[in-house]
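Student: Below is a structure I'd like to ask you about.
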Amino acid sequence: MEERKVERVLMVSREYEGLAGAGGVKDVCRQLAEALAQHGGCDVRAALPLYGFMDAAALGFERLPLPCRDAAGKPAFSFEVDMNYPGRERREEVSVWQRNIRGVIVYLLDSKRFTEKHGVYTYTADEETQKSWQQAGAGHYDYFAMNILLQKAALELLILLDFRPDIIHGHDGHAAVLPAMMRENQGWRHWFCRTGAAVTIHNAGMGYHQEVADIEFAEAVTSLPPSAVRSGIFNNCFDPFAAAASYAVMNTVSENYARELQKSEEDSRTGWLGHHLLRKGVTLAGITNGINPEDFNPREAEKLGLDAPFDPASGDLHGKRVCKERLLAACGEGQHWNKVTQHGSLRPEPDLPLFTFIGRLTAQKGVDVLLKALILLAATGETGFQTLILGSGEKYLEEHLKEMAEGGGRLCFLQGYAPALANRIYAAGDFFLIPSLYEPCGLTDYIAQLFGNLPVVRHVGGLVKVLDGETGFAYKEHAPEALAAAMQQALALHRSDPARLDAMRRAAVAHIHERHTWERVMQDYLALYRQALR
C-alpha cells in the first residue's frame, strides 16, 4: 500500500509567537507551521484562543463567516460547543477570527472563557485588583475547561469548514486530550477516521501535565466514555499525556530529553510519566527543536533594535563591541527602562568579559545555583568579569538578586522582560549562562550563539546540543562549584586565547545552519506524521 503524503496539518496550541506566548511553545508552533507551509508544501492551519489582552481586528484578523445560518437566514458567525458539567448539560458559544500569516491560516477562537483572561496561563496584577481571589501569577481556576473548549472548538470548526486534515498536532498537555476525543466521541471518530494525531511534550515536569483530579468532571466535560477516562488516569489524576497514549504518536523536543524520560532517573521529575508511557507501549520520539537563523541575524541591526550590525559567522565583531559599550554605558547610568526595573549597575569597561542570563528566575532554570556560583567566584578573588541578568520569577530569587546587585560589585539585575532589551543583551554578552536543573530543549542557547554569545550550559536534556569546547562550554553536575569551574574555564580562554573564542563563535553559527534550522527539523516531523498515518 502506497504511503500517504502529508498535505494538510492543523496545529492546536495555547500559544503562537507574535500573538500569545509564555514560553518556547509559541516559537515552536509558529516556526514549525511556517516551515511546513513554506518548505513542506503543506496547507497548514493553527488554532488558539483569543485572550482578553488581544485585539483581533488590530492584529489584522477578520471575523470568519460560517456555512451554517442564523435564525434570520444569514451566515452565522458563531457555533456552540458541548461543555457539560457533572449532572448538568451545558454549551458555550464560540466565534472565529481568521488571518493568513506567512502562509499559515491562523484561527483565533473567541469565547467568553478565553476573552475574560488577561494572561495566557495565569492571572495578572490587574485581574487581582478586580477580584482578589484571582491572585497574580496563579494559574486559571478553569484551566482544564479552557483546554477542553479549545480542543473541542477546533474539531467542530474543522467540520464546519469541511477541512479534513491529514494530521492534527497538539502542543503540550493543553491539547493532548484531542486525539482521544477525536477517536472516541461519536461523530468525530467517523469524520476524522483518516486523520492522524501527534502530541508534542514540550515539558513533562510535574505541574506541566494539565492534569485534573476531579475524574467525574473530566468525564463530563470531555464527553469521553468512562473506559477512555480510566485509561488516562495517572498518579490518581486524569492526565492528558496518559490519555493521548493510545491515540497519537508522541514526541518530545530533543533526543536526549526523550532518553532521560524513558531511560533514566531524570524521569522522577515528571512523576515517572515517561516510564508510564513506556508501559503503555509508547516510545517517545526525540526531535530537537529548530530555529530560524534569519530571525536573529545581527547583521540586521535596525530590525532587531541593536546599536550596530555585526556577523559572528564571518568573525566581524566590531559592531558587537559597539553593542557592548552602549549597553554597559546604559547600565552604568541607571537609565529608565520600559517594563524593567534596574538594580545595581555595570562599569563602562568593555574589556572585561560579560556573563549574561535571560529567562525565568526559578530553580528549574538553575538561578539558585547561579547566585551561589557568583558568590563562590567572589570568594576566590575572581572579579575580572561582569554579570547582567534579565528576568523575573520566584520572589525569593528576585529578592536575593536585588541584595547582591545593590550591594556593589559588577552585577546588574534588570527585573522584568522586554524583547528589544533582550536582543541588546544577547548582542552585548560574551558568555550566556544556562545552568538548568532540567531543560527539555532550550532555545536561548541558539539565540545566544547566533549573536556571538557563547553559552555556558549544564549538560542536560536538549542542552547537550552545545558542544563543550567547540560551540560553547558544558558541565554535568548541578552544583555551584561545577558552574563556577565552567565560568572560570571561559574566563581563562578569554584572557589567553581570544582567537579560539572567535573560532568557537563561527563554529556555533555554522553548526546551527548545518543541523538545527526548521527547514531541516521539519523533515523529522513529517516522518512522525507519516508514522501517525500508519
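The values are calculated or read from the model by the stated rules, or taken from the named source; none is laboratory data. Predicted, not measured: the structure shown is a model, and the values here were computed from it. Counting neighbours? That spans all protein chains shown, and the Cβs are built from the backbone with ideal geometry, glycine included. Only protein heavy atoms, including side chains, enter the accessible area calculation; ligands, DNA and RNA are left aside. Shrake-Rupley method; radii C 1.70, N 1.55, O 1.52, S 1.80 Å.
Student: For segment 214-241, give me each residue that is closer than 19 Å to L277 by Cα and aliphatic (A, V, I, L, M). Can you show your working first?
Tutor: So in segment 214-241, the residues closer than 19 Å to L277 by Cα come out as 227-241.
A228, V229, I233 - these are the residues of segment 214-241 that are closer than 19 Å to L277 by Cα and aliphatic (A, V, I, L, M).
Student: Residue pairs, Cβ under 7 Å, 6 or more apart or interchain, first in segment 456-480 and free of Cβ contacts under 8 Å to residues at least 12 places away in the same chain, second open to solvent by 40 Å² or more (accessible area, probe 1.4 Å) and part of a strand (DSSP E or B). List them.
Tutor: none
Student: I've got another one for you. Would you confirm whether or not segment 274-281 contains a residue that is touching a Leu at 6+ places or on another chain (Cβ under 9 Å), more than 17 Å from Q210 (Cβ to Cβ) and open to solvent by 10 Å² or more (accessible area, probe 1.4 Å)?
Tutor: Going residue by residue through segment 274-281, those that are touching a Leu at 6+ places or on another chain (Cβ under 9 Å) are 274-275, 277-278.
Still in the list and also more than 17 Å from Q210 (Cβ to Cβ): 275, 278.
Next cut, open to solvent by 10 Å² or more (accessible area, probe 1.4 Å) only: 275, 278.
Yes, the conditions are met somewhere in segment 274-281.
Student: Failed condition for F310, given (1) open to solvent by less than 20 Å² (accessible area, probe 1.4 Å); (2) under 30 Å from R102 (Cα atoms); (3) under 26 Å from the mean Cα position of the chain (by Cα); (4) not acidic (D, E), with all others met?
Tutor: Tallying (1) open to solvent by less than 20 Å² (accessible area, probe 1.4 Å); (2) under 30 Å from R102 (Cα atoms); (3) under 26 Å from the mean Cα position of the chain (by Cα); (4) not acidic (D, E), F310 fails exactly one: (3).
Student: Taking interchain pairs and intrachain pairs at least six residues apart, which have beta carbon atoms under 7 angstrom, with the first residue in segment 420-432 and aromatic (F, W, Y) and the second buried (at least 24 other Cβ atoms within 10 Å of the Cβ) and in a loop (DSSP other than H, G, I, E, B)?
Tutor: Listed by first residue and then by second, the contacts come to Y426/F451; Y426/N453; F431/N453; F432/N453.
Student: Do you know which residues across segment 148-167 are open to solvent by 20 Å² or more (accessible area, probe 1.4 Å) and in a helix (DSSP H, G or I)?
Tutor: E156, I159, L160, L161
Student: Moving to a separate point now. Considering each of Q135, Q130 in turn, give the residue that is surrounded by fewer than 20 Cβ atoms within 10 Å (Cβ to Cβ) and in contact with a helix residue (DSSP H, G or I) (Cβ under 8 Å, 6 or more places away or on another chain). Give the steps one after another, and end with the answer.
Tutor: On the way: Q130 fails: in contact with a helix residue (DSSP H, G or I) (Cβ under 8 Å, 6 or more places away or on another chain).
The unique qualifying residue is Q135.
Student: Which of (1) out of contact with any Cys (no Cβ under 7 Å at 6 or more places or on another chain); (2) surrounded by fewer than 17 Cβ atoms within 10 Å (Cβ to Cβ) does A76 not meet, given it meets every other one?
Tutor: In the conditions (1) out of contact with any Cys (no Cβ under 7 Å at 6 or more places or on another chain); (2) surrounded by fewer than 17 Cβ atoms within 10 Å (Cβ to Cβ), A76 misses (1) alone.
Student: I've got another one for you. Report those strands (runs of 3 or more DSSP E) wholly inside segment 24-136 carrying at least 2 residues which are on the phi > 0 side of the Ramachandran plot. It would help to see each step written out before you state the result.
Tutor: Values: elements: 43-49, 78-82, 91-101, 104-110.
By residue number, no strands (runs of 3 or more DSSP E) qualify.
Student: Name the residue, out of R321, R326, that is touching an Asp or Glu at 6+ places or on another chain (Cβ under 8 Å), in a helix (DSSP H, G or I), open to solvent by 30 Å² or more (accessible area, probe 1.4 Å) and of a type outside the set (G, A, S). Before you say what the answer is, go through the steps one by one.
Tutor: On the way: R321 fails: touching an Asp or Glu at 6+ places or on another chain (Cβ under 8 Å).
Matching residue, one of R321, R326: R326.
Student: Then there's this: Looking only at segment 284-306, how many residues end up being more than 22 Å from V322 (Cβ to Cβ) and in a loop (DSSP other than H, G, I, E, B)?
Tutor: The total comes to 6.
Student: Another question, then. If the Cβ limit is 9 Å and pairs must be 6+ apart or interchain, which residue in segment 213-233 that is under 11 Å from A243 (Cα atoms) pairs with which residue that is surrounded by 15 or more Cβ atoms within 10 Å (Cβ to Cβ) and among the basic types (K, R)?
Tutor: Listed by first residue and then by second, the contacts come to A228/R183.
Student: Taking the conditions exactly as written (within 24 Å of A482 (Cβ to Cβ), modelled with pLDDT under 95 and of a type in the set (S, T, N, Q)), does T387 satisfy them or not?
Tutor: On the way: within 24 Å of A482 (Cβ to Cβ): yes; modelled with pLDDT under 95: no; of a type in the set (S, T, N, Q): yes.
Spelling it out, it is not the case that T387 is within 24 Å of A482 (Cβ to Cβ), modelled with pLDDT under 95 and of a type in the set (S, T, N, Q).
Student: Being open to solvent by 30 Å² or more (accessible area, probe 1.4 Å), in contact (Cβ under 8 Å) with a residue 12 or more places away in the chain and either closer than 15 Å to H171 by Cα or among the charged types (D, E, K, R) (or both) is the requirement here; does R69 meet it?
Tutor: Numbers: open to solvent by 30 Å² or more (accessible area, probe 1.4 Å): yes; in contact (Cβ under 8 Å) with a residue 12 or more places away in the chain: no; either closer than 15 Å to H171 by Cα or among the charged types (D, E, K, R) (or both): yes.
No, not satisfied.
Student: Which is out of contact with any Asp or Glu (no Cβ under 9 Å at 6 or more places or on another chain), aliphatic (A, V, I, L, M), under 22 Å from Y85 (Cα atoms) and open to solvent by 20 Å² or more (accessible area, probe 1.4 Å), of A213, A243?
Tutor: On the way: A243 fails: open to solvent by 20 Å² or more (accessible area, probe 1.4 Å).
Among A213, A243, only A213 is out of contact with any Asp or Glu (no Cβ under 9 Å at 6 or more places or on another chain), aliphatic (A, V, I, L, M), under 22 Å from Y85 (Cα atoms) and open to solvent by 20 Å² or more (accessible area, probe 1.4 Å).
Student: Is it true that some residue in segment 48-61 is surrounded by fewer than 19 Cβ atoms within 10 Å (Cβ to Cβ) and over 30 Å from I358 (Cα atoms)?
Tutor: So far as segment 48-61 goes, yes, one or more of its residues are surrounded by fewer than 19 Cβ atoms within 10 Å (Cβ to Cβ) and over 30 Å from I358 (Cα atoms).
Student: Here are K117, K152, K112: which of them is modelled with pLDDT of 95 or more, in contact with a strand residue (DSSP E or B) (Cβ under 7 Å, 6 or more places away or on another chain) and of a type outside the set (S, T, N, Q)?
Tutor: Values: K117 fails: in contact with a strand residue (DSSP E or B) (Cβ under 7 Å, 6 or more places away or on another chain); K112 fails: in contact with a strand residue (DSSP E or B) (Cβ under 7 Å, 6 or more places away or on another chain).
Unique residue meeting the criteria: K152.
Student: How about segment 79-88: which of its residues are surrounded by fewer than 15 Cβ atoms within 10 Å (Cβ to Cβ) and out of contact with any Lys or Arg (no Cβ under 9 Å at 6 or more places or on another chain)?
Tutor: Once the filter is applied, which keeps residues that are surrounded by fewer than 15 Cβ atoms within 10 Å (Cβ to Cβ) and out of contact with any Lys or Arg (no Cβ under 9 Å at 6 or more places or on another chain), segment 79-88 yields Y85, P86, G87, R88.
Student: Which of the residues that make up segment 344-373 are open to solvent by 20 Å² or more (accessible area, probe 1.4 Å) and either on the phi > 0 side of the Ramachandran plot or not basic (K, R) (or both)?
Tutor: Initially, segment 344-373 is screened for residues open to solvent by 20 Å² or more (accessible area, probe 1.4 Å), giving 344-345, 347-352, 359-360, 362-365, 368, 372.
Scanning segment 344-373 gives G344, S345, P348, E349, P350, D351, L352, G359, T362, A363, Q364, D368.
Student: Separate question: Pull up segment 377-397, narrow it to residues that are hydrophobic (A, V, I, L, M, F, W, C) and outside any loop (DSSP other than H, G, I, E, B), then point me to the one that is most open to solvent (accessible area, probe 1.4 Å). Steps first, please.
Tutor: In the first step, residues of segment 377-397 are kept if they are hydrophobic (A, V, I, L, M, F, W, C); the result is 377-379, 385, 388-390, 397.
Now drop any that are not outside any loop (DSSP other than H, G, I, E, B), which leaves 377-379, 388-390, 397.
Values: L377: 2, A378: 62, A379: 88, L388: 0, I389: 2, L390: 0, L397: 3 Å².
By that ranking, first place goes to A379.
Student: Shifting gears a bit: In the set E294, E333, E325, which member is modelled with pLDDT of 95 or more, of a type outside the set (A, V, I, L, M, F, W, C) and out of contact with any strand residue (DSSP E or B) (no Cβ under 6 Å at 6 or more places or on another chain)? Talk me through it step by step, then tell me what you get.
Tutor: Values: E294 fails: modelled with pLDDT of 95 or more; E333 fails: modelled with pLDDT of 95 or more.
The conditions single out E325.
Student: Filter segment 1-29 for residues that are basic (K, R) and open to solvent by 20 Å² or more (accessible area, probe 1.4 Å) and give the result. So that I can check it myself, show each step before the final result.
Tutor: The initial filter retains those residues of segment 1-29 that are basic (K, R), namely 4-5, 8, 14, 26.
If the condition is that a residue be basic (K, R) and open to solvent by 20 Å² or more (accessible area, probe 1.4 Å), then R4, K5, R8, K26 are the ones that fit.
Student: Condition first: among the β-branched types (V, I, T), assigned to a strand (DSSP E or B) and under 22 Å from the mean Cα position of the chain (by Cα). Now tell me which residues in segment 338-373 satisfy that. Step through it out loud before you land on a result.
Tutor: Keep residues of segment 338-373 that are among the β-branched types (V, I, T), which gives 340-341, 356, 358, 362, 367, 369.
This time we only want the ones that are assigned to a strand (DSSP E or B), so: 340-341, 356, 358.
Within segment 338-373, V340, T356, I358 qualify.
Student: Could you go through segment 209-231 and let me know if any residue there is of a type outside the set (D, E) and in contact with a His (Cβ under 9 Å, 6 or more places away or on another chain).
Tutor: yes
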